[in-house]
Amino acid sequence: MAKDEGERNNKHKDEIWEKIKEQVTGLKYGNVNIIIHDGRITQVETSSKIRF
């Protein structure tokens with residue numbers, strides 16, 4: 001793997017984790033599901049609930 005490709009992968013991973021943190025931080029009640037295929041995060045699903 002070339003150095004530039006490794007740096008891009010690390011930047012991409014940082015962006016993914018930042019998005020996951022945003023989803024968790026903005027959630028009061030609910031779920032954040034991380035979908036993994038072939039060892040890579042491919043999807044993040046968020047379900048929120050409103051409680052009264």
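Computed from the coordinates by the stated procedures, all read-outs in this text should not be read as laboratory data. Bear in mind the structure is a predicted one, so any value in this text is a computation, not a measurement. A quick note on method: Cβ atoms are made from the backbone with ideal geometry, for glycine too, and the neighbour counts reach across all protein chains shown.
Only residues that are among the β-branched types (Val, Ile, Thr) and either part of a helix (DSSP H, G or I) or in contact (Cβ under 8 Å) with a residue 40 or more places away in the chain (or both): list them for the stretch 2-52, please. Spell out how you get there, then give the answer.
Step one: of the stretch 2-52, the residues among the β-branched types (Val, Ile, Thr) are 16, 20, 24-25, 32, 34-36, 41-42, 44, 46, 50.
Selection gives Ile16, Ile20, Val24, Thr25.
Residues that are of a type in the set (A, V, I, L, M, F, W, C), out of contact with any Lys or Arg (no Cβ under 8 Å at 6 or more places or on another chain) and closer than 17 Å to Lys13 by Cβ within the stretch 33-52 comprise Ile34, Ile35, Ile36, Ile41, listed in sequence order.
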